[in-house]
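These notes are about the structure you will find just below.
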Amino acid sequence: MAPARAATATVTPLQTNGRKKPSIPEVKAKLLEGKRGLIVGIANDSSIAWGCAKAFRAFGAEVAVTYLNEKAKKFVEPLAQELEAPILMPLDTRVPGQMEAVFEAIGSQWGLLDYLVHSIAFSPKEALHGRVVDVGQEGFAQTMDVSCWTFLRMCHLAEPLMRKGGTIFTMTYYGSQMVVKNYNIMGVAKAALECAVRYAAAELGPKGIRVHAISPGPLATRAASGIPEFDALLDKARAQAPTRSLVSIDDVGAATAFLAHDAARLITGETLYIDGGYHIID
Ligand SMILES: NC(=O)c1ccc[n+]([C@@H]2O[C@H](COP(=O)([O-])OP(=O)(O)OC[C@H]3O[C@@H](n4cnc5c(N)ncnc54)[C@H](O)[C@@H]3O)[C@@H](O)[C@H]2O)c1
């Protein structure tokens, strides 16, 4: 299939008539001014990727965004307008050529890339909802493909654009380290993802490219709605985290943006927990 190059779009200016007020916070210190990056994984205004996009934009960075398909576009486009995103393109990693087309568009429009946020995961219901030992080959392959391989492929495509160095992020979860009820095969995929982060950090480090996994506590997003008894996870996190609070997508965004700043230039290969300290508690 031909790459979806023609779908590159410069978004039209934000129309606020009748809409709630823009949600990008006012931040005086534009610590990421001049940085340009791609954020993949905004489905709606509950997405972790949206929390990241708001933070990067608030700190002055430019943000390119993607949407899964035409159905998702109507939710993502208004958010892209708020971000004043110069690049808005479709990206379903299962559609051949779409990932390459996004990086090609960035190459021709910006010529380089400073940061990349990979915030996507998927597992078919029949794979996610069963025991790990029962997962079939197809369900396993699909889970690993979207949730882990796409991260490595995006690192591969970002590398030549990060000629001046850069920072790459992906989103993981504590279920990679501990057996979390109902997280199942996604825990296996996240363990592979965290390992992929370390190898990518080692391989790309000499080029000034840093790579991190961000591990947020549970957040009520669309992806999370596919996990049975998710409310129990939220209750447990709220009750046991040292901060006695749940994290928000804004907390995740701010911490991610911090790691993209030059002040964090010697931090790489990390899995950073944004979970109120939940992971240190037995
Ligand atoms: N919500 C949580 O509690 C939580 C906690 C820790 C980590 N995470 C991780 O954060 C990331 C973002 O999830 P979220 O919670 O913001 O949910 P979300 O539903 O808002 O985002 C998931 C995104 O993945 C995208 N996606 C799925 N398959 C895709 C494909 N084939 N091609 C391109 N995009 C695809 C969806 O379009 C969506 O934008 C995921 O990796 C998730 O595992 C979530």
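The values are calculated or read from the model by the stated rules, or taken from the named source; none is laboratory data. No experiment lies behind these values; they were computed from the predicted model shown. Cβ: placed from backbone, ideal geometry, glycine included. Neighbour counts: every protein chain shown.
The sole residue among A257, A189 that is assigned to a helix (DSSP H, G or I), away from the ligand (no atom under 12 Å from the Cβ) and either surrounded by fewer than 16 Cβ atoms within 10 Å (Cβ to Cβ) or among the small types (G, A, S) (or both) is A257.
Within segment 129-143, being in a helix (DSSP H, G or I) and either under 16 Å from the mean Cα position of the chain (by Cα) or surrounded by 20 or more Cβ atoms within 10 Å (Cβ to Cβ) (or both) holds for one residue alone: T143.
Can you tell me how many residues in segment 55-69 are more than 13 Å from the ligand (Cβ to nearest atom) and outside any loop (DSSP other than H, G, I, E, B)?
Final tally of qualifying residues: 7.
Taking into account only those residues within segment 155-186 that are assigned to a loop (DSSP other than H, G, I, E, B) and within 13 Å of the ligand (Cβ to nearest atom), which is farthest from V197 (Cα to Cα)?
At the first step, the residues of segment 155-186 found to be assigned to a loop (DSSP other than H, G, I, E, B) are 162-165, 172-173, 177-183.
If we keep only those that are within 13 Å of the ligand (Cβ to nearest atom) as well, we get 172-173, 177, 180, 182-183.
Values: T172: 10, Y173: 13, Q177: 15, V180: 21, N182: 24, Y183: 20 Å.
That would be N182.
Within segment 55-106, the set of residues being in contact with an Asp or Glu (Cβ under 6 Å, 6 or more places away or on another chain) and more than 21 Å from S123 (Cα to Cα) comprises just one member, G60.
Evaluate segment 172-188: report whether one residue or more is closer than 30 Å to E229 by Cβ, out of contact with any His (no Cβ under 9 Å at 6 or more places or on another chain), among the hydrophobic types (A, V, I, L, M, F, W, C) and free of Cβ contacts under 8 Å to residues at least 40 places away in the same chain. Looking for residues that are closer than 30 Å to E229 by Cβ, out of contact with any His (no Cβ under 9 Å at 6 or more places or on another chain), among the hydrophobic types (A, V, I, L, M, F, W, C) and free of Cβ contacts under 8 Å to residues at least 40 places away in the same chain, one finds at least one in segment 172-188, hence yes. Can you report the number of residues in segment 156-175 which are buried (at least 21 other Cβ atoms within 10 Å of the Cβ) and touching a strand residue (DSSP E or B) at 6+ places or on another chain (Cβ under 8 Å)? Total satisfying the criteria: 11. Residue count for segment 97-127 under the criterion of being in a loop (DSSP other than H, G, I, E, B) and buried (at least 21 other Cβ atoms within 10 Å of the Cβ): the result is 6. The requirement of being surrounded by 20 or more Cβ atoms within 10 Å (Cβ to Cβ) and within 10 Å of the ligand (Cβ to nearest atom) is not satisfied by V197. None of A72, A85, A43 is at pLDDT 95 or above, closer than 18 Å to T170 by Cβ and within 16 Å of the ligand (Cβ to nearest atom) except A43.
Once segment 213-245 is narrowed to residues that are hydroxyl-bearing (S, T, Y) and part of a loop (DSSP other than H, G, I, E, B), the residue that is farthest from the chain's Cα centre (by Cα) is T243.
Are there any pairs, at least 6 apart or on different chains, whose C-beta atoms fall under 9 Å, with the first in segment 139-168 and of a type in the set (F, W, Y) and the second part of a helix (DSSP H, G or I) and crowded, with 22+ Cβ neighbours inside 10 Å, and if so, which? Final answer for the pair search is F140/A127; F140/I185; F140/A189; F151/L193; F151/V197; F151/A200.
Evaluate the following for V197: is it in a helix (DSSP H, G or I), farther than 29 Å from D262 by Cβ, within 21 Å of the chain's Cα centre (by Cα) and aliphatic (A, V, I, L, M)?
No.
One line per residue, one yes/no per condition, for (1) closer than 22 Å to A191 by Cβ; (2) within 9 Å of the ligand (Cβ to nearest atom); (3) modelled with pLDDT of 95 or more:
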{"residue": "K207", "(1), (2), (3)": "no, no, yes"}
{"residue": "R210", "(1), (2), (3)": "yes, no, yes"}
{"residue": "P218", "(1), (2), (3)": "yes, yes, yes"}
{"residue": "T221", "(1), (2), (3)": "yes, yes, yes"}
{"residue": "I227", "(1), (2), (3)": "yes, yes, no"}
{"residue": "L234", "(1), (2), (3)": "no, yes, yes"}
{"residue": "R238", "(1), (2), (3)": "no, no, yes"}
{"residue": "P242", "(1), (2), (3)": "no, no, yes"}
{"residue": "S245", "(1), (2), (3)": "no, no, yes"}
